[in-house]
Amino acid sequence: MIERVEKDGKTFYIINDYAVTRFIWSIACRSTAYQTKGITIIEKALVETYGKIDPEIHKEVKARYEN
């Protein structure tokens, strides 16, 4: 669904299937709207999968932003 690509020393993330991505995020947003306490399984999976910051990518993004 989401592909990590490195080109010319830069890292990019390409979304290959927008329909699936929108569907997953809509479910996560909908579950957030209905649940005021705690974290749902979908939200937890999204955070655990995509919520971690890679220190190397973070440094790369900061360097690109500063230029």
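The values are calculated or read from the model by the stated rules, or taken from the named source; none is laboratory data. Since this is a predicted model, take the numbers as computed values, not measurements. All Cβ positions, glycine included, derive from the backbone under ideal geometry; neighbour counts span all protein chains shown. Just the protein is used for accessible areas: all its heavy atoms, side chains included, with ligands, DNA and RNA removed. Shrake-Rupley method; radii C 1.70, N 1.55, O 1.52, S 1.80 Å.
Considering E56, E48, E3, the condition of being at pLDDT 80 or above and either open to solvent by less than 70 Å² (accessible area, probe 1.4 Å) or in a helix (DSSP H, G or I) (or both) is satisfied by E56 alone. Criterion first (modelled with pLDDT under 85, surrounded by 12 or more Cβ atoms within 10 Å (Cβ to Cβ), over 13 Å from the mean Cα position of the chain (by Cα) and not in a strand (DSSP E or B)) does T36 satisfy it? For T36, the condition - modelled with pLDDT under 85, surrounded by 12 or more Cβ atoms within 10 Å (Cβ to Cβ), over 13 Å from the mean Cα position of the chain (by Cα) and not in a strand (DSSP E or B) - is not met. Applying a threshold of 9 Å to beta carbon distances and a minimum spacing of six or more residues, or different chains, the list of pairs starting in the stretch 43-67 at a residue that is more than 17 Å from Y13 (Cα to Cα) and ending at one that is of a type in the set (S, T, N, Q) and in a helix (DSSP H, G or I) reads E43/S31; E43/T32.
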